[in-house]
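Shown next, in structure tokens, is the structure this report addresses.
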Amino acid sequence: MRKLLILLVVFFGCASVKEVEEINLNNKSLLPEEVINNVNSFAYTINNCKTNGTIEVNFDSLSITLEFTSYLKNRDTLKIDLTGPFGLELGSALITKNYFLIYNKFENIVLEGIVDLSKLPISIPPSFKVDELFSFFANVRLLPLNSEITTNEINKSFIIKTNSNNLSSTYFVENGMLSKVSHNKETKNILNEYYSYENNNLKYFNSVVLETPQNKRQIKINYNSIEYNIEMPSLMFEVDNKAKRKSI
């Protein structure tokens, strides 16, 4: 359970209240560059965010579904509360761009350390940064700028390709919506991202699957609700003063 908490916490990565601009991406007249600009512009209007939903984890012999509530504040600080089966409170975590603190309430242990995405048991491309993951878990996936774009005029879709240090990433966009991202290191597929949208709601996706094809590890996140740019509660949480502390 401790390893599971660490994994999920590192993944999940009060400004003034501000309405998020409505953007109609499902417009077949938009050029790919305009779609990319609109998606990224929408992401940058988000100062804080509250989401809740479920996480389905399938790693080797581990298969479990958890409930979560996350609070993203100022796009650089994230709090996550995790609940297990039968409403069991597993713990909470606070994450910044460089530091994390996890309170494993189930075992009464506090874990803290430096955020290092390379230590995750599911491969994350080196191009990923923690602040990008913060936007990612605010239900927004940034699209790369100044990259190779291939357009299919028949179905109004396009593909974005990036290459850096033997790592290539391909973004598939259909009707203004990102549907898949495939990451390859040299010729090896190391990670796929799959996105789905409810009732063609283009503001944000309602579920995402992260999957490593080689070892068949998978995380599926389902978002039940999301609130943008609301007044945020305190991100502090109580820790038992008898809890054991460990740096990792």
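The values are calculated or read from the model by the stated rules, or taken from the named source; none is laboratory data. All figures in this text were calculated on a predicted structure; none of them were measured in a lab. Every residue, glycine as well, gets a Cβ built from its backbone with ideal geometry; the counts of neighbours run over all protein chains shown.
Scan the range 13-36 and tell me whether some residue there is under 15 Å from the mean Cα position of the chain (by Cα), under 19 Å from PHE237 (Cα atoms) and modelled with pLDDT of 90 or more.
Our first condition is that a residue be under 15 Å from the mean Cα position of the chain (by Cα); within the range 13-36, this holds for 13.
If we keep only those that are under 19 Å from PHE237 (Cα atoms) as well, we get 13.
Those still in the list that are modelled with pLDDT of 90 or more too: none.
Taking every residue of the range 13-36 in turn, none turns out to be under 15 Å from the mean Cα position of the chain (by Cα), under 19 Å from PHE237 (Cα atoms) and modelled with pLDDT of 90 or more.
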- Residues (in contact with a strand residue (DSSP E or B) (Cβ under 6 Å, 6 or more places away or on another chain), assigned to a loop (DSSP other than H, G, I, E, B) and modelled with pLDDT of 70 or more) located in the range 99-130: LYS105, PHE106, VAL115
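Test of understanding: among LEU82, LEU143, LEU133, which residue is in a strand (DSSP E or B) and surrounded by 17 or more Cβ atoms within 10 Å (Cβ to Cβ)? First the steps, then the outcome.
Numbers: LEU143 fails: in a strand (DSSP E or B); LEU133 fails: in a strand (DSSP E or B).
The match here is LEU82.
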